[in-house]
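The values are calculated or read from the model by the stated rules, or taken from the named source; none is laboratory data. Every value quoted in this text rests on a predicted model; they were computed, and no experiment measured them. With ideal geometry, Cβ positions are generated from the backbone for all residues, glycine too; neighbour counts draw on all protein chains shown. Side chains included, ligands, DNA and RNA excluded: accessible areas come from the protein's heavy atoms. Shrake-Rupley method; radii C 1.70, N 1.55, O 1.52, S 1.80 Å.
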There are 2 protein chains.
Amino acid sequence: MTAATKSDGTVGKALEMLDLVAEFGRPVRFTDILVKSPHPKATSYRLLQTLTNQHMLEFNDGNGTYSLGGRLMRLAHAAWKTASLAPIARPFIETLVADVGETVHLAQIDQGQVLFVDKLQATDRFETLAQVGKIAPAYCTGVGKAMLAFLAPKRLQLAMLQQAYFKYTPATITDVASLEDELEQIQVSGIAYDREEHEEGIISIAAPVLSSNGRVIGALSIATSTTRHTLEGLDAFRAPLLETAEKIGAEATHWQFPA
Amino acid sequence: MTAATKSDGTVGKALEMLDLVAEFGRPVRFTDILVKSPHPKATSYRLLQTLTNQHMLEFNDGNGTYSLGGRLMRLAHAAWKTASLAPIARPFIETLVADVGETVHLAQIDQGQVLFVDKLQATDRFETLAQVGKIAPAYCTGVGKAMLAFLAPKRLQLAMLQQAYFKYTPATITDVASLEDELEQIQVSGIAYDREEHEEGIISIAAPVLSSNGRVIGALSIATSTTRHTLEGLDAFRAPLLETAEKIGAEATHWQFPA
DNA sequence: AGATTTAGTTTCATTATTTGAAACCTGAAG
DNA sequence: CTTCAGGTTTCAAATAATGAAACTAAATCT
């Protein structure tokens, strides 16, 4: 019995089903879900019914599949507006993008993972799906490491322990000791790098956003490809990045954003 | 037994609480929720606890408030990727934006309302919060009317009836008969206009996205301000808009997107 | 300081909901 | 016409949710 999933009654089970549907990444038939569901047939069926009635799932009569419903997007929009750093940070990020001409990401830490809450693209070249709500592991992304480095010890422990370390690329750090070393360095410099650790060809420079009480409330990064910049080249963005992160931190404090 | 709100057990109650928190539009204290909650103190309290355990809500120790949680954004991202028209439509919309140099919205109809699922801005700046997940009434927006006009009669009835008609601006049509007239015209022309009916100073031209079987699966609009274009000026976008809507419809059919 | 109010939390017997094995549909394949 | 697979419903038993009331902690009043 891990601390991970506390079952939490009916609501817990229902949300578990939602996660299942989400995992499939495509509309799913009842049987598809059934094989993954820990519950017997009748129970799974009724949970799906309930969620569909509640518009958390949508049922497609045509092919008998379930997919995630519109109510989720409405709620998430509300979440984004009221509970994320994004609305507060937007104006500053816009300035930064205009300034450096690169794509900027804003992330927060959520359940030990990186949760992207905003993304502004330079002008706008090709790509990309709305990054908002996307998650990534903390230990191998610039924003993730920037936040880990400034996390309070207990929260850090928690985030580090509950993580499975997967080697996404040859450069991914999967060794806890090395990771801790790097976090220490980041704590000193206030800057984190992603050296193709999550995706080959993608590098980034990131800075934590700290509220006035010193707690990490997010992180900011400039991400680019190795074809556009070298790792050293990223240092040009160091100053504006830090400056913007600081401004956002000050503003967030002013708005009493939860630490 | 109204069709409106079927309570649907514990899960329904929990989601009702989520909606409550969302409505406040700010972090809320337990007592704030209590006055709006239909449930007694202990029940409301436990529902919030459950949702917090499940990361659907987040509790801020600092000031004792609840706000919508990260899990919602994760799920919504999955919903956006798998259950919305947006990923399919993206490339076409990008082309359209590049073509006309205006901001383009993509919307779907959800529970009789307009649900924005994507927004691409013309190159430029100012404004705006991630529109994804934002909702608006159908009867007074371009995209909304475009979809209503092509909705199957029964679904239209439903959407029209369950709507409260609020006069957002002097131009808002709140009279069902006039609205029906306009929908007929839209059916013929395949183009809908928003003549400052939802927001003063904002006009738009919209076209429905139809799947091959003739069902509306979404709508596309070009929105602008009265200071940039006149209503007649919008007609310049008519052809590219229709063309793009058609391409998206064809592609969606190909992907068996639910009608 | 002591009394009083307010906000949040817990208890526990009662009540209502959820559960799941099994039976039952229904349309498609053999 | 049988069999089968996917989906749906039933109903007594098991479980989880309920809520009045009691309790705690902190703030506010006297």
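Results, tabulated for the structure shown:
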{"quantity": "Search result, residues across region B:47-58 that are more than 8 Å from DNA strand C (Cβ to nearest atom) and among the hydrophobic types (A, V, I, L, M, F, W, C)", "calculated": "B:L47, B:L51, B:M56, B:L57"}
{"quantity": "A:A14 being within 14 Å of DNA strand C (Cβ to nearest atom) and open to solvent by 40 Å² or more (accessible area, probe 1.4 Å)", "calculated": "no"}
{"quantity": "Complete set of residues in region B:231-259 that are small (G, A, S), away from every other protein chain (no Cβ under 14 Å) and crowded, with 17+ Cβ neighbours inside 10 Å", "calculated": "B:A245, B:G249"}
{"quantity": "Residue satisfying condition, being open to solvent by 70 Å² or more (accessible area, probe 1.4 Å) and either closer than 30 Å to B:A223 by Cβ or within 9 Å of another protein chain (Cβ to nearest Cβ) (or both), within set B:D19, B:D61", "calculated": "B:D61"}
{"quantity": "Extreme residue, nearest to the chain's Cα centre (by Cα), among residues of region A:14-25 that are in contact (Cβ under 8 Å) with a residue 24 or more places away in the chain and away from DNA strand D (no atom under 12 Å from the Cβ)", "calculated": "A:A22"}
{"quantity": "Filtered residue count, region B:203-219, keeping only those that are more than 14 Å from chain A (Cβ to nearest Cβ) and open to solvent by 30 Å² or more (accessible area, probe 1.4 Å)", "calculated": "1"}
{"quantity": "Unique residue being surrounded by 15 or more Cβ atoms within 10 Å (Cβ to Cβ), at the interface with another protein chain (Cβ under 7 Å from one of its Cβ atoms) and within 16 Å of DNA strand C (Cβ to nearest atom) when the list is B:S37, B:S44, B:S67", "calculated": "B:S67"}
{"quantity": "Filtered residues of region B:70-99 (kept if under 19 Å from A:G133 (Cα atoms) and more than 8 Å from every other protein chain (Cβ to nearest Cβ))", "calculated": "B:L85, B:I88"}
{"quantity": "Residue that is surrounded by the fewest Cβ atoms within 10 Å (Cβ to Cβ) [pool: residues in region B:220-230 that are more than 21 Å from the chain's Cα centre (by Cα) and either within 14 Å of chain A (Cβ to nearest Cβ) or among the hydroxyl-bearing types (S, T, Y) (or both)]", "calculated": "B:T227"}
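Rundown of residues vs (1) at pLDDT 95 or above; (2) more than 28 Å from the chain's Cα centre (by Cα); (3) under 23 Å from B:A76 (Cβ atoms); (4) within 12 Å of DNA strand D (Cβ to nearest atom), yes/no style:
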position	(1), (2), (3), (4)
A:V35	no, yes, no, yes
A:P38	no, no, no, no
A:T43	yes, yes, no, yes
A:M56	yes, no, yes, no
A:R74	no, no, yes, no
A:K81	no, no, yes, no
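Residues are listed down the side, and each one gets a yes or a no for (1) in contact with a Leu (Cβ under 6 Å, 6 or more places away or on another chain); (2) more than 22 Å from A:G101 (Cβ to Cβ):
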residue	(1), (2)
A:A138	yes, yes
A:K145	no, yes
A:L151	no, yes
A:Q162	no, yes
A:H198	no, yes
A:I205	yes, no
A:S212	no, yes
A:L231	no, no
